[in-house]
Structure formats: structure tokens, C-alpha cells
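Working notes, structure below.
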Amino acid sequence: MEWAEQKGIALAHIQPGKPQQNAYVERYNRTVRHEWLDLHIFETIDQVQQIATEWLWSYNNERPNMGNGGMTPVQKLRMAA
């Protein structure tokens, strides 16, 4: 909170019990939970980081997203440049 205040950033919190006010983050969190977090029993933080990194790379580079017209996020980004 101190960092945000120093940078002039106003923090806005969603109302308790209203996840729809933050739908994009809630959707992403659900995807992470179902696609890799619930599938593993982790022994170390390094294991979590490795699996998270691999999943995120695949999510952005290999997995088509119907919200992007069937393109991966990286393909969509390249088109915008």
C-alpha cells in the first residue's frame, strides 16, 4: 500500500462476495487452479515456479484462445505491433 501511495496509485478493492467485479482475474485464477495447480502435489517452491513457468509459456505461445479469434496471445500481440 505504501508503494502504491508513493507512486500515486489509488487502490480499489472489490466488495466482499462480489467476484464478478473482478471477472478477468477470477477467470484466470480458475484456469490456473484447474489446469495445473490442482493437478500436482508440490514438494518445493522451485517445483511450483517451474510448473507455473512452463504452463504460462504454453498458455501464451501454444494454446489458441477463442477470445482472440483462435490465435494465441503472442500471435495477437504480434498483429498489434
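Values quoted throughout were computed directly from the atomic coordinates according to the rules given, and no laboratory measurement underlies them. None of these values were measured; they are calculated from a predicted model. All Cβ positions, even for glycine, are placed from backbone atoms using ideal geometry, and neighbour counts span all protein chains on display.
A few remarks follow.
- Percentage relative contact order, the chain, counting C-alpha pairs under 8 Å, at least six apart: 12
- Extent along the principal axes, Cα only, for the chain: 40, 37, 28 Å, with the longest axis given first.
- Dipole magnitude of the chain about its Cα centre (Cβ charges: Lys, Arg +1; Asp, Glu -1), debye to nearest 20: 480
- Net charge over other residues, Cβ less than 15 angstrom from the Cβ of GLN47 (K, R count +1; D, E count -1): -4
- Cα lying deepest toward the dipole's positive end in the chain, options TRP55, LEU37, GLY69, charges on Cβ: GLY69
- Across all directions, the average projected area of the convex hull around the alpha carbons of the range 20-65 is 3.8 nm².
- Helix content alone sets the calculated 222 nm mean residue ellipticity of the chain: runs of n ≥ 4 DSSP H residues at -39500 (n - 2.57) each, divided across all residues, give -16000 deg cm²/dmol.
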